[in-house]
Amino acid sequence: MLAEEKALLVPGLEKFGRTGREAIGDVSPGVVVCVREALLIKRLKAGELEAFDELVAEFQPLVYALSFRILNETEDARDACQETFLKVYRHFGHFRGEASLKTWICRIAINQARSTERWWRRRCRGETASLDEPASDGDSGRSTYELLASTAVSPEAEVLAHERSQQLERALALVKKDFRVAVILRDLEGMTYEEIAYTLDISVGTVKSRIARGREMLRLCLRSGGG
């Protein structure tokens with residue numbers, strides 16, 4: 001497994017002979033992340049429930065945000081999020097390390113959200129979601145734009161930043177779904193083209209095309225007032 005192989009390259013992990021603190025030492029942040037992920041994977045494969053709780057705590061905000069931005073409906077997004085982690089739990093034995101945990105979980109989350117959407121479409125439910133609906137009840141589910149707005153230095157700046165974030169969210173919701181998801185994974189989640197290709201099960205060339213078209217759609221929506 002790739003993550004575990006990288007972990008073994010770092011001398012002195014707690015489970016391999018020395019304490020975790022000693023092991024981190026002069027190791028670069030990227031490698032430390034690989035080490036932490038490798039140990040989490042090891043615990044998950046051993047069936048440790050506490051490790052699964054940690055995984056949910058770490059990735060739930062991301063999974064919910066992705067689900068909401070695909071479904072545009074709070075309850076559907078919550079259901080899709082719950083189903084995603086049920087699938088992660090049931091099928092973790094099939095995780096082979098071809099991608100990072102984040103990428104693998106995103107792939108499951110997006111597929112689940114699409115399945116939920118298809119389920120409702122078959123039942124002929126109309127489009128009822130409000131584009132102004134918040135992404136979550138707490139900070140963990142706040143949009144990227146709102147989190148950025150929270151660093152504003154004055155009340156006036158905070159108001160302007162919040163208005164801008166709402167405008168961006170409305171515009172993003174108007175971008176066609178396939179292009180929207182690609183833009184979210186690239187520009188909000190910082191995934192590489194290769195990671196996005198794995199997540200969406202498409203070629204890198206298609207990823208780049210969708211991102212370019214998605215960004216252009218977003219710019220057009222913003223120029224027209226975001227809906």
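Of the residues making up the stretch 84-123, those that are buried (at least 16 other Cβ atoms within 10 Å of the Cβ), of a type in the set (G, A, S) and in a helix (DSSP H, G or I) are A109, A113.
Among the residues of the stretch 37-54, those identified as over 14 Å from H91 (Cα atoms) and open to solvent by less than 40 Å² (accessible area, probe 1.4 Å) are E37, A38, L40, A51. The one condition from (1) under 29 Å from D79 (Cα atoms); (2) open to solvent by 50 Å² or more (accessible area, probe 1.4 Å); (3) at pLDDT below 95 that E194 does not meet is (3). When residues in the stretch 197-227 are screened for being of a type in the set (A, V, I, L, M, F, W, C), closer than 22 Å to Y64 by Cα and surrounded by fewer than 16 Cβ atoms within 10 Å (Cβ to Cβ), 0 of them pass.
The values are calculated or read from the model by the stated rules, or taken from the named source; none is laboratory data. Values in this document were obtained by computation on a predicted structure and should not be read as measured data. Positions of Cβ are backbone-derived with ideal geometry, glycine not excepted, and every protein chain shown enters the neighbour counts. To get the accessible areas, we keep the full protein, side chains included, count just its heavy atoms, and leave off ligands, DNA and RNA. Shrake-Rupley method; radii C 1.70, N 1.55, O 1.52, S 1.80 Å.
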